[in-house]
Amino acid sequence: MLIARIPFMVARACLLNAHNNSKKKGVITVEHLLEDYPVITEIPVAWGDMDALQHVNNVVYFRYFESARIDYFGKMQMMEQAKGSGIGPVISHTQCFYKVPVTYPDTLLVGSRVRDVQEDRFTMEYAIFSKSLNKVTTTGTATGVMFNFLTNRKTSIPEEVKAHIQTIEAGGIASS
């Protein structure tokens, strides 16, 4: 699956600019629908994403969510930190709500955000916007539990990770 990534600051600036213009016109736009998602991942729908019923197969949406989650983690360098500390997230629960079928050809914008942070876990939310249909087609969530791969036990979310999440959710870019 080919994934085109939009540079974070460029995507955010485009979304905010278009949102401000749409407010003036009273039009609901993709920017308005995804404005609460600090990380946006652009994904072209591939022909092979469809199933025998000629729409994107339900399993593929979880890959779209995974791509968005990895983009979010990239903003906070989570995978690099996990390699050094042995502590990283594992997905304990995920769900998807299908609103409208998606078909090839299309380009999707997947918004991701963290809506809840607890001692040892966080919950991410996703919204998938279809450029062809001009609407949100799918939403979902995933709960990540922090896991210490050296001791094989769940662990608390490191303070540095919590700080990165706060920075991203406030519209900034996390850095080490």
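Tabulated values for the structure
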item	result
Region 79-176 - accessible surface per residue (Å², probe 1.4 Å)	52
Neighbour net charge for Cys96 - beta-carbon separation under 12 angstrom, K R +1, D E -1	0
Accessible area in the full protein assembly, largest first, 1.4 Å probe, for Leu109, Leu150, Leu33	Leu150, Leu33, Leu109
Added length on full extension, which subtracts the Cα-Cα distance from 0.36 nm per residue, Ser85 to Lys162	26.2 nm
Hull volume in cubic angstrom per residue (convex hull over the Cα atoms of region 87-150)	93
Nitroxide proxy distance, nm - points 7 Å out along Cα→Cβ at Asn58 and Phe97	1.6
Overall form of region 41-166 per C-alpha gyration tensor (a/c, 1.5; a/b vs b/c)	prolate
Residues Ala46 and Asp116, FRET efficiency given R0 of 45 Å [Cβ-Cβ distance, rounded to 0.05]	0.90
Vicinal HN-Hα couplings computed from phi for region 59-75 (Karplus, 6.51 cos²θ - 1.76 cosθ + 1.60; Hz; Gly/Pro x)	5, 5, 4, 5, 5, 4, 4, 4, 4, 5, 5, 5, 4, 4, 4, x, 5
Vicinal HN-Hα couplings computed from phi for region 78-84 (Karplus, 6.51 cos²θ - 1.76 cosθ + 1.60; Hz; Gly/Pro x)	5, 5, 5, 4, 5, 4, x
Built amide H within the under 5 Å cut-off of Lys99, gap 5+	Thr138, Thr139
Among 39-47, 76-84, the order from most to least packed when residues are scored by Cβ within 10 Å on average	39-47, 76-84
Debye, to nearest 20: dipole size of region 39-157, +1 on Lys, Arg Cβ, -1 on Asp, Glu Cβ	180
Relative contact order (percent, whole number), region 27-176, Cα cutoff 8 Å, 6+ residue spacing	28
Region 121-176: Cα Rg divided by the 2.2 N^0.38 Å rule of thumb	1.53
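The values are calculated or read from the model by the stated rules, or taken from the named source; none is laboratory data. Being a predicted model, the structure only gives us computed values, none of them experimental. Virtual Cβ from ideal backbone geometry, glycine too; neighbours counted across all protein chains shown. When the accessible area is computed, the model is the full protein with side chains, heavy atoms only, and any ligands, DNA or RNA have been set aside. Shrake-Rupley method; radii C 1.70, N 1.55, O 1.52, S 1.80 Å.
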